[in-house]
Structure formats: C-alpha cells, structure tokens
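Visitor: Mind having a look at this structure? Questions to follow.
The values are calculated or read from the model by the stated rules, or taken from the named source; none is laboratory data. The structure presented is a predicted model; accordingly, all values stated were derived computationally and were not measured. Note that each Cβ is placed from the backbone with ideal geometry, even for glycine, and that neighbours are counted across all protein chains shown.
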Amino acid sequence: MKIGIIGAGAVGSACLTALVRCGCAREIVVVNRNRERARGLVTDTQYGAVLFPGVALRDGDYPDLEGAALVMITAGANEKTGGATKRDDPAGRLRLLDTNVAVYKEIVPRLRAAAPEGLALVVTDPPDPLADAVRLLGHERVLSTGTFLDSLRFRFHLARRLGVSPASIEAQIIGEHGTSQVFLWSSARIGGVPIVELLARSGENGEEFRRDVEREVRYANITIIEGIGASQHGIGMICARIAQMIVHDERSVIPIGCYHPRYAVTLSVPSVVGRDGVLRTLEPDMSEDEREALQRSADTLKAAIARINFSS
C-alpha cells in the first residue's frame, strides 16, 4: 500500500519513522511546502529503513500522491507556535483552527486532485474541525485521529495509579480531542470490574482520584511541549497503528474521529476501522451526565466550524 504524509515537521517526521517500523506500507511519499525539508527527512530516514526492508521512501509533490490509499495530513501550526499551551485556556487546541484552516485551504484541493479516492487522516490540531474542513472543501473520505491518543493516555494513568498493566484497562475518551472531551468513567473497567466500584471498595476518594487522572490526561500535551517543544512521538505511533488497521482491514474498534450525522460534526466514538476507514460506529454505554457532556462537546465543535468562511 502507498501512504502519503503531508508535512515534514515534528509530527510528520514521527509518523514516517513509526510507519517504517510497523512495516504496513510498501511506499511512503512525503510532501512538504519546502520540498528540501521533505527530501532531508526522507534521506535521513531511508538509511535506518534498511533495517525494515520492503518499504520505499521518497519525497514528492502532490501529483506523487496519486494512488495513495491513505494520506496523513500533519501540516500546520502546532500548539507551541499557535499559542495553545495555557492550561487555563478554555479554547485549547481550537485556538489553532483559523490558522490551520488557511493552511488546509491550500492543501485539500491539491490532495483531492491527486488522490480523490485516498482516505485522508487529519493529524493537525485541532483535528476534528479540520476533518470537517477537509470534507467541506470537497474531500469527503476523511477521518481525524480524534481521541484515540487521549484514550491511551487515560488507560496509562489509570494503570499507573492502580498498579496494573495498561493492557488490562478498558477505558475510553470520546467527543472532541480537546478541552470538551468526555471521560467515560461509568464504563471504565479492569477485568470486567468497574473502576468506580474498585475505588469505592478501597475507600479511596473517588472524586479526587478522577480529578487527578483527568488533569494528567488533559494536560499531557502541554507537559510534553514544556519538555521537548512538540507532542509528536505518541501521535506518530497511533497514526501508524491506524494505518495498520486500514491496510490489513482489521476491523478493530477504537475511538476515532469521523462525521456523525446525529451530531452534524466530526467527533470520536468507538468505531470499527478497516480498509475503507470507519465501517460503522458504536454507541457506548453512558451515564446521563456523560451523554449530556458529549452533546456539549458536539456543540463546541459545531460552533467552532460554523465561524469559518470556506468561500474565501
């Protein structure tokens, strides 16, 4: 399978490295506004790729994306350059929307012309409204990375506090990849036992536990940026994992962003992912509070995309 990456910055670089290591692509084409940067990234990576035979790497321009089954879009301003690194900012990643829609207005028509049947995976923040922007700009086959990474962070911090492997945790975050994301505490489990029940049995302060975990998950990206300047490696690995699901038609179930007619916006719920992207979505069990929070998340995203002018 041929996979494209648009954007050769920190996230695009991490996606390329992770894709090479997972071995799910026969050819990877990197496109960047400054082609010299794409060429440098490919040249650097291709020598290590010798250890993972079977993949051809090359830099290119949009016409070189012809025939790509999947194109990851990582171009645009990140949280640090876009000023979205304040923990008390209710807008969060949505602060980047106007800037990155302008970037996408240049990218999407060229992508649509080169690979009209290719599945676009929006990685740039904020990915959910940008996926809607891709759709509204005429390329309907689009997903966002959504809350897949958020859910892994949720599982990780639960596991660390409870002293178990993250693989033993069932826990999801749905809605926006951003400040209105919804933690599904009511269905979080270890070995089939609800985590809220375990906390009650142990006598631990459940509200404090939840508050601490949510804080670590919500602000993980800012903590990472404060340390290394960009949140890149985790998202690179999940993009490669999504690519595997698509290439191998796995039909794995993950929370990932796609357009939901019910909410009239792109957001994440558990979804079956295979060769054609999201094959169907699943309605998770939710408490009434969680259901209301998901609607608020959808409303937040709708308000964000509604203020964008796509005619200019």
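Visitor: Can you find a residue that is touching a Lys or Arg at 6+ places or on another chain (Cβ under 9 Å), small (Gly, Ala, Ser), in contact (Cβ under 8 Å) with a residue 12 or more places away in the chain and surrounded by fewer than 17 Cβ atoms within 10 Å (Cβ to Cβ) anywhere in segment 223-237?
Guide: Looking through segment 223-237, at least one residue is touching a Lys or Arg at 6+ places or on another chain (Cβ under 9 Å), small (Gly, Ala, Ser), in contact (Cβ under 8 Å) with a residue 12 or more places away in the chain and surrounded by fewer than 17 Cβ atoms within 10 Å (Cβ to Cβ).
Visitor: Which of the residues belonging to segment 180-211 are outside any helix (DSSP H, G or I) and not polar (S, T, N, Q)?
Guide: Matches in segment 180-211: VAL182, PHE183, LEU184, ALA188, ARG189, ILE190, GLY191, GLY192, VAL193, PRO194, GLY203, GLU204.
Visitor: Another one. Evaluate the following for ALA306: is it of a type in the set (A, V, I, L, M), touching a helix residue (DSSP H, G or I) at 6+ places or on another chain (Cβ under 7 Å) and either assigned by TED's automatic domain parsing to the domain that holds VAL103 or surrounded by fewer than 17 Cβ atoms within 10 Å (Cβ to Cβ) (or both)?
Guide: In short, no.
Visitor: Say whether the condition of being basic (Lys, Arg) and over 28 Å from ARG307 (Cβ atoms) is met by at least one residue in segment 156-170.
Guide: For segment 156-170, residues basic (Lys, Arg) and over 28 Å from ARG307 (Cβ atoms): present.
Visitor: Just one of ALA56, ALA91, ALA77 is among the aliphatic types (A, V, I, L, M) and exposed (fewer than 14 other Cβ atoms within 10 Å of the Cβ); which is it?
Guide: ALA56
Visitor: Across segment 74-110, what is the total count of residues that are aliphatic (A, V, I, L, M), free of Cβ contacts under 8 Å to residues at least 60 places away in the same chain and part of a helix (DSSP H, G or I)?
Guide: Matching residues across segment 74-110 total 4.
Visitor: Now for a different question. Out of GLY163, GLY146, which single residue is free of Cβ contacts under 8 Å to residues at least 40 places away in the same chain and among the small types (Gly, Ala, Ser)?
Guide: Just a single option satisfies the conditions, and that option is GLY163.
Visitor: So which residues in segment 182-210 are under 15 Å from ARG160 (Cα atoms) and either in contact with an Asp or Glu (Cβ under 6 Å, 6 or more places away or on another chain) or exposed (fewer than 11 other Cβ atoms within 10 Å of the Cβ) (or both), if there are any at all?
Guide: Answer for segment 182-210, where residues must be under 15 Å from ARG160 (Cα atoms) and either in contact with an Asp or Glu (Cβ under 6 Å, 6 or more places away or on another chain) or exposed (fewer than 11 other Cβ atoms within 10 Å of the Cβ) (or both): just ARG189.
Visitor: Would you check if there is a residue in segment 50-65 being within 20 Å of the chain's Cα centre (by Cα) and not aromatic (Phe, Trp, Tyr)?
Guide: In the first step, residues of segment 50-65 are kept if they are within 20 Å of the chain's Cα centre (by Cα); the result is none.
No.
Visitor: Sticking with this one: Which is within 22 Å of ASP125 (Cα to Cα), outside the structural domain of ALA230 (by TED's automatic domain parsing) and not in a helix (DSSP H, G or I), of VAL11, VAL29?
Guide: Criteria check complete, one pass: VAL29.
Visitor: So, in segment 230-289, exactly how many residues are of a type outside the set (S, T, N, Q) and not in a strand (DSSP E or B)?
Guide: Result for segment 230-289: 32.
Visitor: Right, next: Looking only at segment 294-308, decide whether some residue is among the hydroxyl-bearing types (Ser, Thr, Tyr) and within 24 Å of VAL101 (Cβ to Cβ).
Guide: Pass one, segment 294-308, residues among the hydroxyl-bearing types (Ser, Thr, Tyr): 297, 300.
Now restrict to residues that are within 24 Å of VAL101 (Cβ to Cβ): 297, 300.
Yes: segment 294-308 contains one or more residues that are among the hydroxyl-bearing types (Ser, Thr, Tyr) and within 24 Å of VAL101 (Cβ to Cβ).
Visitor: Any idea how many residues of segment 111-141 are in contact (Cβ under 8 Å) with a residue 60 or more places away in the chain and either buried (at least 24 other Cβ atoms within 10 Å of the Cβ) or of a type in the set (A, V, I, L, M) (or both)?
Guide: So the count comes out to 17.
Visitor: Something else about it: Answer yes or no as to whether ARG155 is more than 23 Å from LEU96 (Cβ to Cβ) and either basic (Lys, Arg) or crowded, with 18+ Cβ neighbours inside 10 Å (or both).
Guide: yes
Visitor: Going residue by residue through segment 143-156, is there one that turns out to be part of a strand (DSSP E or B), at pLDDT 95 or above and under 28 Å from GLY23 (Cβ atoms)?
Guide: Yes, because at least one residue in segment 143-156 is part of a strand (DSSP E or B), at pLDDT 95 or above and under 28 Å from GLY23 (Cβ atoms).
For every residue, the table says whether it meets (1) within 26 Å of ARG93 (Cβ to Cβ); (2) in contact with a Ser or Thr (Cβ under 7 Å, 6 or more places away or on another chain); (3) modelled with pLDDT under 95; (4) not assigned by TED's automatic domain parsing to the domain that holds ASP276.
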{"site": "ARG35", "(1), (2), (3), (4)": "no, no, no, yes"}
{"site": "ARG39", "(1), (2), (3), (4)": "no, no, no, yes"}
{"site": "ASP44", "(1), (2), (3), (4)": "no, no, no, yes"}
{"site": "VAL50", "(1), (2), (3), (4)": "no, no, no, yes"}
{"site": "LEU70", "(1), (2), (3), (4)": "yes, no, no, yes"}
{"site": "GLU79", "(1), (2), (3), (4)": "yes, yes, yes, yes"}
